[in-house]
Amino acid sequence: MVILVYPPQTASLSRGQGNVNQIEETLSPFNNPGNVDPNLITELTNAPGSTANIFIEFPVGSSIVLDRFETLSFPSREDKITNLRAALIAQASGTQAPLTGLLTLKNIPHTTFWITNQLFVPNANLELVKTIATFGTLVSWLRKEMVFPLIDPVKLRSDHTLGMSTIQASVPWNLEIIGANCPTIEKPGDGIVVSHIDTGVLFTHVELIDSMRLTYNWFDPVNRTEKPFDDNGHGTHTMGSIVGKTVGVAPHAKWITCRGCPGGSCPESPLIGCGQWVLCPTLPNNTKPDCRMIPHIVSNSWGDTIPSIISILLRDRFYLDVIKVWRACGIIPVFAAGNSGPACFSVGQPASFSQVFSVGATDMNDAIAYFSSRGPSFDNITLSTGNQSSCLNICRPKTTNGLCIQPIITPTVCAPGVDIRSSWNTSPNSFEVISGTSMATPHVAGVIALMIAENIGNNKGNLTYDEVFNILTSTAVKIDIWSKGLLSILSDILCNGLIRPGICGYPNYVMGYGRVDACAAVTAVRNKALNMAISTTDILDEL
């Protein structure tokens, strides 16, 4: 899990649009027209000759294009994605043309992110920032790039000495407790592609070398390296928990990955670059995009630690545009809830968004991990009227006029995240035992892979996000929080209300809808497919 560092933001003000003839003129002293982060100006002014990586935002985002595409029909998922990508590129090219023309004319490196309609300029100096500011209403906001530093695992213990025979001799406790080794799971990820955005993957690892997709499997937005690698270990570990041969939930699934956190730091530009790549993968040199190679699921063990109760005031929804495009194209996003527990309201973005699966961590006793971030989330808070049952349950807060406050249930579900053994990057045979919601998240991505594989195996096609949500949450194990020790009891009292969970029940703001159960979820998918087949037969008989 990583920490997001936010720059302060102010409202944008209008100003006459600049043009190429005006670009050499700079304001001295600089009169900020309101579209530049004042902290960026202060930083560059106080350090003469310094530069900063900057992001330029434009008034029009991806929502307009997405809304239009929701009304259109396409012969296939791939056709929709290809056309959506082209429309987003066209929008970005049109709105950014005056600035990209200037930057190209001046031989200034820059990158257009069409998925969010943003422009990234590395190593911008103060004069360039002042020049861009003169473009007025064309630029809604200019700020410094945000950076997500990857934090250390909560716990680390080496498993190098165990040896392969010992490791492969038994089913890891984390897979056993969620039922990933259930004998009725006959298709443990067959035909499914899972991506993740992380530090990379040691593709030669014994757990992973056979499950890497042969082509369109890797993108490094920063260095454009040809083959997957991992100079941190985090990404190799998380991918092992998803598809590892003996340590993974869905060992028959194929993996692809994008290096959004190079060296353990997750800058905004590679994260968004990875967001684009996941939507329509390219070759490692960023050529020949092929939207047919889109994954089913994308696992993200990164995010910020600013509580959602604060982030709603900031109105900063980092990565939400990317997530909305993913969802529109049928990609299921899974995010780590964070390691900022046991405090309530500690789930940060993007895990706090209602559009994703957010994942908390449990231990081998099915107790919530002390570090696992708790809810609720107040992103996109809604109010509703009606009786108490409309408020999720009687433990949810009410307003004085009878309206019902409905925060988002975060985490969505929990999964094993304490002392998780998985592959490591130091050698093709190395393993590590680490803890965190980063380790829990891959379990949920793996379970979803099992569910989709089961549905496809029964000739019922892909599962929608809503179908996965309904099955995953309804089959999750409802742990008795009050039987798991004082810390769990205190979390329940503070985060859920002053009533015993026997009344409050699930969902709640400590464990969401419960701890995932792979066996029950896959069985539910199979029964759903069977019931659909029976219903179809009945209809045909009546005809």
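The values are calculated or read from the model by the stated rules, or taken from the named source; none is laboratory data. Keep in mind that what you see is a predicted model, and the values were worked out from it rather than measured. Heads up, the Cβs are rebuilt from the backbone with ideal geometry, glycines too, and the neighbour counts pull from every protein chain shown. Ligands, DNA and RNA are stripped out before the accessible areas are found, and what is left, the full protein with its side chains, is counted by its heavy atoms. Shrake-Rupley method; radii C 1.70, N 1.55, O 1.52, S 1.80 Å.
A compact table of results
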quantity	calculated
Accessible surface of the stretch 204-247, 1.4 Å probe, proportion on carbon and sulfur as whole %	54 percent
Cα pair distances in the stretch 431-489, grouped into 10 Å bins until the bin that holds the longest one, percent each	18, 34, 30, 15, 2
Integer Hz, Karplus 6.51/-1.76/1.60 couplings in order for the stretch 197-214, x for Gly and Pro	10, 7, 8, x, 8, 6, 6, 7, 4, 4, 6, 10, 4, 7, 9, 6, 5, 5
Other-chain or far-sequence residues with amide H under 5 Å of residue 338's (modelled H)	373, 437
Gyration tensor verdict on the stretch 177-313 (Cα atoms; rounded if a/c is under 1.5, prolate if a/b is larger than b/c, oblate otherwise)	oblate
Part-to-part distance (alpha-carbon centres) for the stretch 37-96 and the stretch 199-227, which is given in Å	27 Å
Relative compactness, the stretch 249-342, computed as alpha-carbon Rg over 2.2 N^0.38 Å	1.19
Stokes-Einstein D (µm²/s) once Rh is taken as the Kirkwood radius of the stretch 335-378 over alpha-carbon pairs, at 10 °C in 1.306 mPa s	155 µm²/s
Packing-based order for 86-93, 192-199, using average beta carbon neighbours within 10 Å, highest first	192-199, 86-93
Karplus (6.51, -1.76, 1.60) ³J(HN,Hα), θ = phi - 60°, over the stretch 216-229, in Hz, Gly and Pro reported as x	6, 10, 7, 8, 10, x, 8, 10, 6, 5, 7, 10, x, 8
P(r) weight above 19 Å for the stretch 165-241, C-alpha pairs, percent	46 percent
P(r), alpha carbons of the stretch 30-76 - 5 Å bins starting at zero, rounded %	4, 13, 18, 15, 9, 7, 9, 8, 7, 6, 3, 0
Relative contact order of the stretch 343-383, defined on C-alpha pairs under 8 angstrom at six or more residues apart (%)	51 percent
Global geometry of the stretch 202-242, whether rounded, prolate or oblate, following the gyration tensor of its Cα atoms and the 1.5 cut on a/c	oblate
3J(HN,Hα) from dihedral phi, the stretch 264-270, Karplus parametrisation 6.51/-1.76/1.60, rounded to Hz, x for glycine, proline	x, 10, 10, x, 4, 5, x
Under-5 Å amide H pairs with residue 201, H placed in peptide plane, nonlocal only	229, 230
Cut-off under 5 Å, modelled amide H: who pairs with residue 265 long-range	150
Cα gyration tensor, the stretch 222-298 - rounded (a/c under 1.5), prolate or oblate	oblate
